[in-house]
C-alpha cells in the first residue's frame, strides 16, 4: 500500500513539473504549426563535395604574382586610419606592402613587393589579377605552378573594377574558362585557389553567401560583388573563384574585417564584370562606362510614406546633373527608379552596376515611379569619365554668411537664411535656388542637418528664400515627418526631419 502511494505521489510530482506547453491546447484547438510528418522528407543536401579532380585540372592555370612597387606620393595618406573605420573592406598585399587607405607614417608611402595571385585566360599568355596587386608596379613577375617564371607586361589596369590584364610570352599554356556569373546563387559551393602569405596553390572552399553586394567604402560602386565564406588572406588577391565545374565565376578581391585577417566574409568581382573590363583594356587600354547622370540613395520608410510609395524598393533620385542623359530625358529629383531595361533595382547600390555595364551612347529604358504612377523613360547614357574630370560644385559648411533674411522660427524649428550672390556663385546655386541653414535646431540636428548646409527642396517644393522655406513647412503638425533635399559640399541627400513639440 505504501509503495503504491509513493508511486502515485511520484507520478503527480512529475506531472506538476512538466511545462505548461506540454498539455496546453491552442485557443483555436489546432496546433500552432503542422505536426512532424510520419514520412521523413527527402534530404535537400546529401554528402560533401570532393574537389580533388577540380584542383588537379584547374590548378596549373593559377599563377603567383610578385610586383615591385616604386615609392610614390599618394593621396591615400590623408584617408582615415583603421581605428576610425573599425570594419572595412580590405585588399591584401604581401608582407612588405601596406594596406591601401591606411596611414603610411611620417615618411610617406613607400615602395615594396606586392604579392598576389592571378590566372591565365588564354593559351597565348593573357592573364588576369587585381588592379591593386600591380598598381604602380615597375616590374611584374609571374610564376606558374610548374615553377617556370615569366616577366609580365601590364596591358591595362582599372581601379574602379579592381581588374588588371597582364600578358606573358608563351604558347600552349593552361588556362581557365569563364562560368556564368549571373547564375550564381547563395548556398552553392565555390573554391578559391591562390597564394595566401606566399603559400602557392593553396585551396580553400566554402559557399556563396550572397550576390550583388555593394562596397560602400571604396571607389567600386560599379561592381556587384559575390560574397562568400571562402577563406581569403594576404596573397589571395587576384585569384580565381571557381564553381564546381572548374569555371571561373569571380576574382577574389577583398574581405570585410576588424583585424585585417579573414573573418568569414570575402568578396569576389563577378567574372562577367571582370571580362568586360579586360576586353576594353586589351582593345583601348582603358575602361569606359555609361553614365545616367543622377545621384541616388535608398528609400526609407518615411520617404516612402511621404511620396505615397507602396514599399521601400528602388533608388531615390536626389540629384540630376545638368546636361546629363537623365536631365535630357526628364528624370526629376524624388523620382524612384525601380528597373533598368527590365532588371529590378531594389536599392540604390543596384543602379550603378546596371548602368555602368552599358557603353556610353547606348539607350536604356528606365522604369520609375513619380507621383504614385509608374512610367518608362528612354535615356541615352553619357560617359562616366566626362563627369569624373569636371570640377566645381558647392563648398559646404564654413562659407561666409550673408545677412540674415527672415531666418528663424518655423514649424520644423530650423533657422535658414538667403544666400548672397557671392555664396551662390561659390556653391554653384542658381538664382532663387536653395537656402542656407543658419541654425539646424534640435530636430534638424537629430536628422543630420548642419549649419551651412543648403536646403534645396521641402518634399517636391523648391525653396529659394527663407520666406519660401517657412511657407513650405507651415502647417506641419508636431511629430509629423517632412523630407528635405539637402546639399553639403558636392553631395546631395534626402533627410527626414520630425517637427518638434511646441
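The values are calculated or read from the model by the stated rules, or taken from the named source; none is laboratory data. Note that the coordinates shown come from a computational prediction; the quantities given were computed from them, not determined experimentally. Every residue, glycine as well, gets a Cβ built from its backbone with ideal geometry; the counts of neighbours run over all protein chains shown.
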Complete set of residues in the stretch 358-409 that are at pLDDT 90 or above, crowded, with 16+ Cβ neighbours inside 10 Å and in a loop (DSSP other than H, G, I, E, B): 358, 360, 381
Given (1) crowded, with 21+ Cβ neighbours inside 10 Å; (2) closer than 30 Å to residue 481 by Cβ, index of the condition residue 290 fails: (2)
Filter pass, residue 165 being assigned to a loop (DSSP other than H, G, I, E, B), in contact (Cβ under 8 Å) with a residue 60 or more places away in the chain and surrounded by 22 or more Cβ atoms within 10 Å (Cβ to Cβ): no
Complete set of residues in the stretch 485-502 that are assigned to a strand (DSSP E or B) and at pLDDT 85 or above: 485, 486, 487, 488, 492, 493, 494, 495, 496, 497, 498
Residues being buried (at least 22 other Cβ atoms within 10 Å of the Cβ), within 21 Å of the chain's Cα centre (by Cα) and at pLDDT below 95 - total across the stretch 187-221: 1
Filtered residues of the stretch 336-350 (kept if closer than 24 Å to residue 456 by Cα and modelled with pLDDT under 95): 347, 348, 349
Test: residue 445 is farther than 24 Å from residue 296 by Cβ and either under 33 Å from the mean Cα position of the chain (by Cα) or outside any loop (DSSP other than H, G, I, E, B) (or both): yes
Members of the stretch 318-336 that are within 23 Å of residue 288 (Cα to Cα) and either assigned to a strand (DSSP E or B) or touching a helix residue (DSSP H, G or I) at 6+ places or on another chain (Cβ under 6 Å) (or both): 319, 320
Pick from the stretch 222-235, criterion part of a loop (DSSP other than H, G, I, E, B) and over 11 Å from the mean Cα position of the chain (by Cα), ranking: surrounded by the fewest Cβ atoms within 10 Å (Cβ to Cβ): 229
Residues located in the stretch 263-274, provided they are touching a strand residue (DSSP E or B) at 6+ places or on another chain (Cβ under 7 Å), surrounded by 21 or more Cβ atoms within 10 Å (Cβ to Cβ) and outside any strand (DSSP E or B): 271, 274
